[in-house]
Amino acid sequence: MSENDAVKAKLPPLQVLLCSPRGFCAGVVRAIDSVERALALYGPPVYVRHEIVHNRYVVESLRAKGAVFVEELNEIPDTDAPVIFSAHGVPRSVPQEAARRNFFALDATCPLVTKVHREAEIHHRRGRGIVLIGHAGHPEVIGTMGQLPEGAVSLIETLADAAAFAPKDESKLAYVTQTTLSVHDTAEIVEHLKKRFPAIVGPHKEDICYATTNRQEAVKRVAPVVDAMIVVGAPNSSNSQRLKEVAERAGCPHAVLVQGAADIDWNEFGAIARLGITAGASAPEILVEEIIAAFAERYDVRVETVSAAEEGVFFPLPRPLRENQAAE
């Protein structure tokens, strides 16, 4: 027996069930690639309004390459440098302000978020009151509500909100949703709205994005059969928070959200035999690998992948970045 085998023999066994799909979705890849591509084409600085995606590791990596992150456009000096809007989408006032200041603006909004914006606009033009199911203060919700005049969109966060909602005209209603919600919670709210307002119009294709749905489905399969679940993601990442909630609802006795291996409280992981691991849509795979390595120092780890769906979705870069790519 080698020295390494002898060491492993002394470690407690741990089966790691790795959720698939996990981590980056097509919208996140597009947003990060937009910043990388702009830096390669134009050099630093490249200004980014809000975190390009909600992940500290990603943001710090891009900052080290020359990306400058701001919360509002008034923090950016007059410049010819690219100004990129984050994957979450922005209110209509933001590109208007960018145009007024003659910024070279690049919109990295996820196309699935843009779909929700367009749906809300169409319903509004048809005279319908808009219900947005989502979380107050989230950048995506702020961006969606900001597509229409103030008061045109009513935000519903909970079943209680849906029960209390009093529209101006029950016969002219439509709903849209944030793309990163719990599939279960949203279905409950939609069902309640449909019972109260039978004429309410929904999206042609569900607004909760494929990546959110697939990642939650994988967690539902793993959570009931593990002793603990780790969700890799940021505290301000809606889809990551939902994965933790889904794990708890599916029967996992202990689910935690961590940003990386350094955040693990090892006192919470003692005599476990099976561990589930997933990652939110803005969490890079390197963070998952680091967490598995950290467990491998303390347990004799065997990794098994549990797959809920195959993903092959791809979104092209914003047009100016594509045109420059083709010209090379």
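The values are calculated or read from the model by the stated rules, or taken from the named source; none is laboratory data. Values in this document were obtained by computation on a predicted structure and should not be read as measured data. In this analysis, Cβ positions are derived from the backbone assuming ideal geometry, glycine residues included, and neighbour counts consider all displayed protein chains.
Side notes on the structure shown:
- Of everything listed in (1) more than 23 Å from the chain's Cα centre (by Cα); (2) of a type outside the set (A, V, I, L, M, F, W, C); (3) part of a helix (DSSP H, G or I); (4) not assigned by TED's automatic domain parsing to the domain that holds residue 53, the single unmet condition for residue 127 is (3).
- With respect to (1) under 25 Å from the mean Cα position of the chain (by Cα); (2) within 25 Å of residue 220 (Cα to Cα); (3) in a helix (DSSP H, G or I), the lone exception for residue 181 is condition (3).
- Of all residues in region 132-152, those satisfying the criterion of being surrounded by fewer than 20 Cβ atoms within 10 Å (Cβ to Cβ) and in a loop (DSSP other than H, G, I, E, B) are 135, 136, 137, 138, 146, 148, 149, 150, 151, 152.
- One residue stands out among those in region 3-49 that are of a type in the set (Asp, Glu) and at pLDDT 95 or above: the one that is surrounded by the fewest Cβ atoms within 10 Å (Cβ to Cβ), which is 33.
- Any hit, region 264-276, residues being assigned to a helix (DSSP H, G or I) and in contact with a helix residue (DSSP H, G or I) (Cβ under 8 Å, 6 or more places away or on another chain): no
Condition check ((1) assigned by TED's automatic domain parsing to the domain that holds residue 149; (2) touching a residue at least 60 places away in the same chain (Cβ under 8 Å); (3) among the aromatic types (Phe, Trp, Tyr); (4) closer than 15 Å to residue 139 by Cα) across all residues:
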| residue | (1), (2), (3), (4) |
| --- | --- |
| 59 | no, no, no, no |
| 66 | no, no, no, no |
| 77 | no, no, no, no |
| 80 | no, no, no, no |
| 86 | no, no, no, yes |
| 92 | no, no, no, yes |
| 99 | no, no, no, no |
| 103 | no, no, yes, no |
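- Of the candidates 112, 106, 132, the single residue that is over 22 Å from residue 182 (Cα atoms) and among the hydrophobic types (A, V, I, L, M, F, W, C) is 106.
- From 82, 77, residue being surrounded by fewer than 17 Cβ atoms within 10 Å (Cβ to Cβ) and more than 22 Å from residue 260 (Cβ to Cβ): 77
- Cross-chain or 6+ apart pairs with Cβ under 9 Å, region 233-250 first and in contact (Cβ under 8 Å) with a residue 60 or more places away in the chain, then among the basic types (Lys, Arg) and surrounded by fewer than 24 Cβ atoms within 10 Å (Cβ to Cβ): 233/244; 234/56; 246/220; 249/220
- The set of residues in region 153-192 that are over 26 Å from residue 239 (Cα atoms) and surrounded by 13 or more Cβ atoms within 10 Å (Cβ to Cβ) comprises 167, 170, 172, 173.
- Residue within region 287-300 that is within 18 Å of the chain's Cα centre (by Cα), outside any loop (DSSP other than H, G, I, E, B) and either surrounded by 14 or more Cβ atoms within 10 Å (Cβ to Cβ) or at pLDDT 95 or above (or both) present: yes
- For region 163-173, the criterion of being part of a strand (DSSP E or B), touching a helix residue (DSSP H, G or I) at 6+ places or on another chain (Cβ under 9 Å) and outside the structural domain of residue 129 (by TED's automatic domain parsing) is satisfied by no residue at all.
- Strands (runs of 3 or more DSSP E) completely within region 34-99 that count 1 or more residues being among the charged types (D, E, K, R): 46-49
- Residue selection: residue 116 satisfies the criterion of being outside any loop (DSSP other than H, G, I, E, B), in contact (Cβ under 8 Å) with a residue 60 or more places away in the chain and not assigned by TED's automatic domain parsing to the domain that holds residue 44.
- Pairs with Cβ under 7 Å, 6+ apart, first in region 303-316 and of a type in the set (D, E, K, R), second part of a loop (DSSP other than H, G, I, E, B) and modelled with pLDDT of 95 or more: 311/21
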